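J.: This is the structure I want to talk about, given as structure tokens.
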Amino acid sequence: MSSGPSDYVIHHLTNLSTGEGFMTIHWDTMFFSIGLGYVFYWIFRKAAVGATSDVPGHLQNFCEILVEFVDQQVKDTFHGRNELIAPLALTIFCWVWLWNLMDLIPVDLFPMVATWFGINYLRVVPSTDVNSTFALSLSVFALIIFFSIKVKGTWGFAKEFLFHPFNTDNKILQACLVPMNVVLMGAETIAKPISLSLRLFGNLYAGELIFILIALLPWWIQFPLGWGWAVFHLMIITLQAFIFMVLTIVYLSMAHEDH
């Protein structure tokens with residue numbers, strides 16, 4: 001599979017893909033993203049179908065704790081009224097957390113199984129692929145634009161770009177400030193999906209790389225180092241899912257503000 005440490009690292013950082021350039025498809029990212037999305041759906045559907053007003057089971061308790069936690073974050077952060085925000089926040093938090101959780105699986109396990117089926121490359125952590133994190137952030141960005149126009153109207157949305165952050169009652173000066181406002185507001189708007197995607201990607205990519213480097217060490221030291229990093233990384237993957245969810249709520253709350 002590999003002839004040296006550098007080849008081993010490169011091999012584990014290479015996606016199973018077809019196509020070239022912009023039309024490249026990372027099949028492993030697609031497979032695990034969709035599969036983990038179904039896992040999230042199956043768990044919560046099972047809890048909803050089996051929900052009872054009597055003594056709840058462990059699964060119902062777990063799902064209710066998550067729902068209440070996310071709902072509280074929405075109440076504290078989102079200042080508009082939209083029934084979509086809480087389910088969206090719950091979906092993002094759980095889905096991204098499941099993405100990140102795959103980073104705790106031994107790095108050689110799934111790639112080794114894949115070789116039995118003739119698959120030479122396989123990456124199992126969707127959040128270490130910038131394409132998946134950027135696609136998710138673009139989905140959030142599309143919702144930001146949609147609700148901004150819906151709440152403020154087309155002209156109200158346009159005025160934010162034309163007259164903010166610099167605004168004045170002097171019409172001539174205001175007209176002169178429009179190009180600067182457009183540049184600043186454009187940069188602020190574009191920075192939202194970029195920061196969302198790169199923050200999640202960068203942290204998980206670094207975590208995956210450390211696991212790969214630990215796997216290159218002698219077997220007798222892999223377990224203590226791997227276990228210690230896994231415990232710490234468990235906090236990281238939860239924190240990154242939480243940050244992605246909270247920023248999504250904040251951005252959508254800003255989109256609902258009508259000045």
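J.: Ignoring ligands, DNA and RNA, what percent of the accessible area of the stretch 37-97 is carbon or sulfur (1.4 Å)?
T.: Numbers: 2510 of 4100 Å².
That share works out to 61 percent.
J.: What number do you get for the stretch 29-144 when its Cα radius of gyration is normalised by 2.2 N^0.38 Å, N = residues? Working shown, then result.
T.: Working: Rg = 17.1 Å, N = 116, 2.2 N^0.38 = 13.4 Å.
Compared with the compact-globule rule of thumb, the stretch 29-144 sits at 1.27.
J.: Another question, then. Across bins of 10 angstrom width beginning at 0, how are the C-alpha pair distances of the stretch 14-73 distributed, in whole percent?
T.: Whole-percent P(r) values from 0 Å outward: 19, 31, 21, 18, 9, 1.
J.: Of the residues C94, C176, C63, which exhibits the maximal mean-square fluctuation in a Gaussian network model of the chain defined by a 10 Å Cα contact cut-off?
T.: C176
J.: Please get the size of the charge dipole for the stretch 61-153, origin at its Cα centre, with Cβ charges of +1 on Lys and Arg and -1 on Asp and Glu, quoted in debye to the nearest 20. Spell out each step's value before the answer.
T.: On the way: 5 positive and 8 negative charges, 89 e Å.
Here the stretch 61-153 has a charge dipole of around 420 debye.
J.: Give, rounded to the nearest 20 debye, the magnitude of the charge dipole that the stretch 88-204 has about its Cα centre when Lys and Arg contribute +1 at Cβ and Asp and Glu contribute -1 at Cβ. Walk me through the numbers before you get to the answer.
T.: Numbers: 7 positive and 6 negative charges, 77 e Å.
Dipole about the Cα centre, nearest 20: 380 debye.
J.: More than 16 Å apart: what percent of Cα pairs in the stretch 204-259 qualify? Walk me through the numbers before you get to the answer.
T.: Working: 874 of 1540 pairs.
The calculated P(r) of the stretch 204-259 puts 57 percent of pairs beyond 16 Å.
J.: Could you work out the local net charge near V125, counting Lys and Arg as +1, Asp and Glu as -1, over the other residues with Cβ closer than 14 Å to its Cβ?
T.: Numbers: positive: R123; negative: D28, D103, D108, D129, E208.
That sum, taken over residues with Cβ under 14 Å, equals -4.
J.: OK, next. For a distance above 23 Å, tell me the whole-number percent of Cα pairs in the chain that qualify.
T.: Values: 20561 of 33411 pairs.
Percentage above 23 Å: 62.
J.: Top mean-square fluctuation among D129, D169, D76, Gaussian network model of the chain, C-alpha springs under 10 Å?
T.: D169
J.: Extending each Cα 7 Å along its Cβ direction at Y38 and M185, get the distance between those two points in nm, one decimal.
T.: Reported label-point gap for Y38 and M185 is 4.4 nm.
J.: Further, regarding this structure: What are the ³J(HN,Hα) couplings of the stretch 67-78, residue after residue, when phi is run through the Karplus curve with 6.51, -1.76, 1.60 and θ = phi - 60°? Round to Hz, x for glycine and proline.
T.: After applying 6.51 cos²θ - 1.76 cosθ + 1.60, I find 4, 5, 4, 5, 4, 5, 5, 5, 4, 6, 10, 8 Hz.
J.: Can I ask one more? Tabulate in residue order the Karplus-calculated ³J(HN,Hα) for the stretch 146-155, using 6.51 cos²θ - 1.76 cosθ + 1.60 with θ = phi - 60°, rounded to whole Hz; enter x for Gly and Pro.
T.: 3J(HN,Hα) across the stretch 146-155, in whole Hz: 4, 6, 4, 6, 5, 7, 9, x, 4, 6.
J.: Moving to a separate point now. With the dipole of the chain worked out from charges on the C-beta (+1 for Lys and Arg, -1 for Asp and Glu) around the Cα centre, which of I144, P5, Q222 lies farthest toward the positive end?
T.: I144
J.: About the Cα centre of the chain, what is the dipole size in debye to 20, counting +1 per Lys and Arg Cβ and -1 per Asp and Glu Cβ, all else neutral?
T.: Numbers: 11 positive and 18 negative charges, 83 e Å.
Dipole about the Cα centre, nearest 20: 400 debye.
J.: Rounded to the nearest whole Å², what accessible area per residue is found for the stretch 30-117 with the 1.4 Å probe?
T.: Values: 5630 Å² over 88 residues.
With the other protein chains kept in place, the stretch 30-117 gives 64 Å² per residue.
J.: Hey, if you put +1 on the Cβ of every Lys and Arg and -1 on every Asp and Glu Cβ in the stretch 61-127, which of N61, L109, T77 ends up farthest toward the positive end of that dipole?
T.: The listed residue farthest towards the positive side: L109.
J.: Taking the chain as a Gaussian network, Cα atoms linked when under 10 Å apart, which of G21, G50, G37 shows the biggest mean-square fluctuation?
T.: Ranking G21, G50, G37 by mean-square fluctuation puts G21 first.
J.: Against the empirical 2.2 N^0.38 Å scaling, what ratio does the C-alpha Rg of the stretch 121-198 come to? If you can, show how the numbers build up before the last one.
T.: On the way: Rg = 17.0 Å, N = 78, 2.2 N^0.38 = 11.5 Å.
Rg over 2.2 N^0.38 Å, computed on Cα atoms: 1.47.
The values are calculated or read from the model by the stated rules, or taken from the named source; none is laboratory data. Model, not experiment: these values are computed from the prediction. Cβ coordinates were reconstructed from backbone atoms using ideal geometry, including for glycine residues, and neighbour counts include every protein chain displayed. Surface accessibility is based on the protein's heavy atoms, side chains included, excluding ligands, DNA and RNA. Shrake-Rupley method; radii C 1.70, N 1.55, O 1.52, S 1.80 Å.
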